[in-house]
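Please read the structure below before turning to the comments.
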Amino acid sequence: MAVWDAVYYTFIISGLAYLVSLIVAVHKPMWLLYCFQDLLLGLYFAALDRDLIRWFGLDVADQDGLVLVTAVALLVYGFLTQAYLITPSHSLARFKRPLYLLAFVAACLLPLGLAFEVHWLSPLVAVLLVLALLSMLLPPLTWSFLPIAAKQIAMPTIIFVVFVVAAILLVG
């Protein structure tokens with residue numbers, strides 16, 4: 001493993017450990033669902049970088065399948081989690097059904113990708129990944145325990161930053 005890989009994964013794991021301890025300290029266990037989604041995102045990036053292949057001693061020919069499996073796991077989990085976390089009585093609850101539908105579409109990618117070439121699914125996976133990352137920010141907008149400033153200033157800023165980072169990662 002290269003030095004930068006070790007630094008990157010150490011940062012990811014320590015950041016997740018800090019986040020989990022902070023969430024447990026403030027007694028908001030539902031936010032742990034976001035931690036697991038971030039862990040899946042880290043696994044997806046590890047699959048893209050071929051680190052999972054090296055860790056598990058797999059053949060390089062398994063690269064596309066491993067990327068597809070981690071992408072589908074990330075997408076399905078992400079869409080289902082966001083739909084689950086939206087407060088039912090809020091006006092944004094109308095997004096629950098489309099999120100469940102997107103999770104179903106993402107789940108359908110796995111058999112398609114394993115039966116045919118994975119490469120033609122890449123643009124669809126990229127679009128779904130951007131939608132999954134943006135959907136992470138819907139549930140907090142529906143939570144009544146967040147202060148108004150968090151909803152009106154912090155959440156739009158986070159949405160913008162996540163969108164820019166996702167666009168850079170997907171284009172670059």
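The values are calculated or read from the model by the stated rules, or taken from the named source; none is laboratory data. Since this is a predicted model, take the numbers as computed values, not measurements. Reconstructed Cβ throughout: ideal geometry from the backbone, glycine too, with neighbour counts over all protein chains shown. Please note that ligands, DNA and RNA were not included when accessible areas were found on the heavy atoms of the full protein model with its side chains. Shrake-Rupley method; radii C 1.70, N 1.55, O 1.52, S 1.80 Å.
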Between a residue in the range 30-53 that is β-branched (Val, Ile, Thr) and any residue that is surrounded by fewer than 18 Cβ atoms within 10 Å (Cβ to Cβ) and outside any helix (DSSP H, G or I), which pairs come within a Cβ distance under 8 Å, given they are 6 or more apart or on different chains?
53/59
Restricting to the range 1-60, and then to whatever is of a type in the set (D, E, K, R) and over 22 Å from residue 86 (Cα atoms), can you tell me which residue is surrounded by the most Cβ atoms within 10 Å (Cβ to Cβ)?
51
Being more than 19 Å from residue 122 (Cα to Cα), assigned to a helix (DSSP H, G or I) and of a type in the set (Gly, Ala, Ser) is the filter here; which residues of the range 42-82 pass it?
none
Would you say residue 125 is in a helix (DSSP H, G or I), closer than 20 Å to residue 94 by Cα and in contact (Cβ under 8 Å) with a residue 24 or more places away in the chain?
no
Looking at the range 27-42, which of its residues are over 16 Å from the mean Cα position of the chain (by Cα) and either among the acidic types (Asp, Glu) or within 19 Å of residue 137 (Cβ to Cβ) (or both)?
28
Mind listing whichever residues of the range 135-168 are surrounded by 15 or more Cβ atoms within 10 Å (Cβ to Cβ), in a helix (DSSP H, G or I) and within 13 Å of the chain's Cα centre (by Cα)?
135, 162, 166
Hey, residue 118 open to solvent by 60 Å² or more (accessible area, probe 1.4 Å), touching a residue at least 24 places away in the same chain (Cβ under 8 Å) and either of a type in the set (A, V, I, L, M, F, W, C) or closer than 26 Å to residue 29 by Cβ (or both) or not:
no
May I ask you to verify whether residue 124 is open to solvent by 30 Å² or more (accessible area, probe 1.4 Å) and within 25 Å of residue 44 (Cα to Cα)?
yes
Qualifying positions in the range 86-108 - within 25 Å of residue 45 (Cα to Cα) and crowded, with 20+ Cβ neighbours inside 10 Å:
99, 102, 103, 106
